[in-house]
Amino acid sequence: MAAFDHVQNMYDVSLKPRLLRSFIKELIPDEKQQLGNPLELSQVVSAIKTHGLLSERVAQTDDNKKLIEKWKSAVDLWVDRVLMLVSSNMPDKCWAGICLLGVTFEECSSERFLASYSVWFQKLLSHLQPPAESHFVKVSCCVSISDLLTRLSGFPNMKKDGTSHAAKVVHPVLKLIQEDSSDAEGAVGLLCTILNFFPSSLQKNYDSAEAAIVTKLIYGKCNPNMLKKLALCLSLLPKSKGDEDTWSLMIQKILIAINILLNDSFQGLEEESKTSETMRALVPPGKDPPAPLGGLTVFDLSNKSTERLSITNISTLLLCCSTMLTTSYPVRVKVPIKPLLMVVGRILNVDGSLPQTMYPTLTAMQQEHICIQLPVLHSYSLQILCDVIKEAHSQLLPHTAHTIRLVTEYLRTCELPELRVKLYGLIKMMLMSMGVGMTIYLAEDVISSASIDLDSNHGGEEAQPMNKKRKHENAISFLENQSQMVYSSKNHVPISVKIAALGALETLLTVGGALRSESWRSDVDQLLITVATDACKNGWAKEANDVYTPSWGDFQLASLRALLASLLSPGRFRPAYLAQGLELFRGGMQETGTKVAEFCAHALLSLEVLIHPRALPLIDIGSSVEYPVNVNGMKDKFMKSNIYSSVVQKSNLVTVTGGTSRNEAESEEDDLYEKWVKDGENEMEKNTTENVVSVEAPMNVAEDKGKGILVETQADEETDRYALKNMETEVEVVVAKGVSGGGAANDVVGRRFETVGGSEGGGEFVFALGDNDNEDAAMDEIPDIVDVEPDSDEE
């Protein structure tokens with residue numbers, strides 16, 4: 001290669017084969033070389049993934065034939081070197097080759113993978129069977145085979161071959177799981193991959209797989225990560241058969257095992273009747289209990305687990321139940337809701353206290369150990385409740401009362417912040433998924449609990465620095481920061497709990513703010529405006545960079561969200577704190593570039609309908625549509641409500657009505673902004689830009705034929721501007737039959753034309769009034785016009 005054979009840039013395709021050959025020559029050892037620094041291999045892997053050195057993606061053109069050959073030969077050289085490392089007798093080089101082969105599975109082209117995956121698979125399978133291989137080789141081999149099966153699952157027409165290849169590794173994998181070594185973690189990961197993509201390959205080994213997983217879970221003394229993988233494997237195991245009975249049987253056996261372990265762990269902490277009640281729910285009377293989980297009998301579960309391992313195993317089995325509820329399954333299954341609720345209720349009812357009706361049967365040290373582990377059990381139990389509510393849908397309806405009782409009772413006793421946060425999230429899910437009627441049963445307890453958490457005399461954390469500055473932020477001194485600290489001496493409720501409580505109240509108002517809320521609505525509205533005002537009165541906090549730890553800015557945002565729900569939630573009366581809320585939202589919108597500003601802008605837009613409600617007409621009054629004759633008074637009411645709404649438009653409304661002449665009273669329209677914001681004080685006079693002209697028809701027009709005529713004309717721009725200064729102008733012209741002279745009425749061939757002038761500077765409008773029966777007949781099709789004020793009580 002020429003020394004000055006440069007490429008165009010880093011995107012040049014010709015660069016890829018050159019880089020790959022350089023890596024093979026400099027960093028990948030051959031048979032005679034020793035393995036270098038493993039960090040160099042990580043750099044090679046990173047470069048391969050970044051630049052796609054194994055992808056062989058190039059346009060198939062005549063100009064690229066030479067480039068295609070070069071790249072293909074470079075990839076061939078890479079594969080040969082990697083397979084040479086895999087076959088090496090040196091464990092370190094074999095380990096490196098297996099790892100690089102796994103990268104090849106992920107990065108090579110589809111054509112190369114389909115042509116070579118069978119050979120690659122056999123190379124890896126040979127390292128799982130001999131018992132003398134090193135630990136690193138076995139683990140890396142399991143990971144690489146998992147990568148191969150994952151890539152193979154992406155080809156729909158290769159499902160059969162994938163199942164046959166997966167079945168070949170089942171026995172070696174189960175053997176690794178049964179061994180008491182660290183190799184089992186890689187084997188469990190490979191087993192999860194098989195159950196996810198090729199579950200039918202495990203169907204013939206279902207019982208042996210269940211026994212191996214459960215035995216490892218109960219007696220293996222595994223680390224938390226390993227326990228999670230075992231729980232995932234056990235939850236995915238029913239997919240290998242793919243029918244409803246297998247799934248139902250598995251979750252029933254898991255719940256029975258949990259109940260047996262609880263008997264030993266909770267002995268002396270609950271009434272003895274709890275055990276029998278839960279067992280009756282798990283195994284209904286008249287039915288035989290299923291085979292024990294993993295072949296372990298009650299004696300095995302009760303005597304071979306220490307107290308510490310028993311609590312850990314219960315947590316793992318609870319996690320397994322949660323995973324089974326949330327993992328997709330090939331067929332629809334029926335969730336055993338009552339057994340789940342019974343087990344969850346049994347756990348949540350134990351708080352570590354000794355029953356007063358029983359003589360103490362456990363030592364103080366045993367009680368201390370159980371109290372340490374109980375928060376973990378409660379957390380998993382709440383997670384199961386969340387999963388049941390999320391996944392059971394209509395199956396939960398017969399058990400709604402039981403669910404509500406569990407949640408409300410636990411809400412009264414739960415004190416740990418982490419559990420209260422999860423409990424508030426569960427309540428939000430219940431309100432959103434189970435309907436508006438849920439607020440009737442949850443409102444009292446939720447409001448009482450949230451009020452305590454949000455009370456300024458009980459809740460709050462350490463001092464919170466507030467950011468009031470907009471410029472020169474780099475010039476802030478330490479004393480200035482200290483002057484912006486807000487201290488609360490009696491507050492011990494974490495911000496995360498406060499945010500969760502605000503979220504629960506927001507959901508409560510969103511879902512059921514108008515349903516039987518008279519007894520609590522005013523208190524909640526006052527609480528939320530107080531919390532939002534206190535949170536924002538010292539300025540707006542900066543957004544925290546840590547997305548996992550709630551900050552004071554998150555609390556401010558949560559308080560504003562709850563306040564908006566309070567203002568928008570329907571109620572019997574208008575929002576009492578609309579003015580204060582608008583002030584907070586306007587202030588928050590000035591914090592440009594923050595989440596608070598974005599939300600405040602949305603809040604102001606949402607509240608616009610309260611500040612300036614619209615009364616748009618349902619029909620176009622100015623159109624030529626003919627409306628039906630009055631039927632039982634319905635037309636009058638319809639026209640009354642819509643004629644007045646059309647006055648909002650900047651137009652001159654002219655009505656011609658039949659009947660006696662009568663002066664119309666001046667209409668007054670409340671200024672809606674003042675009415676809503678200032679509680680009705682200092683009401684302003686109506687500002688209108690319309691000129692209402694009433695023209696009355698002659699007295700002798702027949703009652704059954706005199707129909708009103710509505711004419712809507714658009715004034716010119718100059719007239720509208722002048723009309724703003726003459727808002728109370730009203731012109732009434734009465735035309736009586738037989739009037740002559742003055743140029744006001746002119747008879748022309750049996751018709752009279754009336755010229756009516758508007759306000760000063762306005763135009764003139766000419767109306768043709770019928771004077772004979774033929775014209776009266778034509779008027780029959782025109783509806784009556786109400787000639788009273790829309791807001792008056794006159795009929």
Amide H of TRP540: which non-local residues (sequence gap of 5 or more, or other chain) have their own amide H closer than 5 Å, using H built in the peptide plane?
ASN467
Rough spin-label spacing in nm, given labels placed 7 Å along Cα→Cβ, for SER109 and ASN89
3.8 nm
Which of the pairs LYS138/LYS168; LYS175/LYS334; LYS216/LYS253; LYS49/LYS70 have their Cα atoms more than 26 Å apart in this structure?
LYS175/LYS334
Cut-off 11 Å between beta-carbons: net charge of the residues surrounding VAL333, Lys and Arg +1, Asp and Glu -1:
-2
Here D for segment 198-332, in µm²/s, from Stokes-Einstein with a Kirkwood Rh over Cα pairs at 4 °C and 1.567 mPa s, works out to 84 µm²/s
Where Rh is the Kirkwood radius over Cα pairs, Rg/Rh for segment 325-378
1.18
Could you work out, for segment 534-583, what percent of all Cα-Cα pairs fall into each 5 Å distance bin, beginning at 0 Å and stopping at the bin that holds the largest distance?
4, 19, 23, 20, 15, 10, 6, 3, 0
Would you mind estimating how fast segment 243-413 diffuses translationally, via Stokes-Einstein at 37 °C and 0.692 mPa s with the Kirkwood radius over Cα pairs, in µm²/s?
196 µm²/s
Inter-centroid distance (Cα atoms) of segment 307-348 relative to segment 585-600, Å
43 Å
Gained length - LEU249 relative to GLU277, 0.36 nm times residue gap less alpha-carbon distance:
8.1 nm
Summed over the other residues with a beta carbon less than 12 angstrom from that of LEU234, with K and R at +1 and D and E at -1, the charge totals +4
Whole angstrom only: what separates the Cα centroid of segment 510-577 from the Cα centroid of segment 171-208?
51 Å
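Could you work out the Kirkwood radius for segment 565-613, taking every pair of different alpha carbons, averaging 1/r and inverting it, reported in Å?
About 11.2 Å for segment 565-613.
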Between GLN267 and GLN590, take the C-beta separation as r, use R0 = 51 Å, and let me know the FRET efficiency to the nearest 0.05.
0.25
Tell me, what is the percent relative contact order of segment 243-413, built from C-alpha pairs under 8 Å that lie six or more residues apart?
33 percent
Please report the spacing between the Cα centers of segment 98-128 and segment 46-92 in Å, no decimals.
13 Å
Solvent-accessible heavy-atom area per residue, rounded to whole Å², over segment 288-436 at 1.4 Å:
49 Å²
Potential lengthening between SER448 and GLN203 on full extension [0.36 nm per residue; Cα-Cα distance subtracted]:
82.9 nm
Mind giving me the FRET efficiency for LEU27 and GLN129? R0 is 30 Å, r the Cβ-Cβ distance, nearest 0.05 is fine.
0.45
Points 7 angstrom from Cα along the Cβ direction at SER118 and LYS70: gap in nanometres?
3.4 nm
What's the FRET efficiency of GLU518 with GLU409 using the Cβ-Cβ distance as r and R₀ = 25 Å, to the nearest 0.05?
0.45
With a point put 7 Å past each Cα toward its Cβ, work out how far ALA291 is from ASN223 in nm, to one decimal.
3.4 nm
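The values are calculated or read from the model by the stated rules, or taken from the named source; none is laboratory data. Bear in mind that the values here come from a model prediction, so they are computed numbers and not experimental data. In this analysis, Cβ positions are derived from the backbone assuming ideal geometry, glycine residues included, and neighbour counts consider all displayed protein chains. Accessible surface is based on the protein model in full, side chains and every heavy atom, while ligands, DNA and RNA are left aside. Shrake-Rupley method; radii C 1.70, N 1.55, O 1.52, S 1.80 Å.
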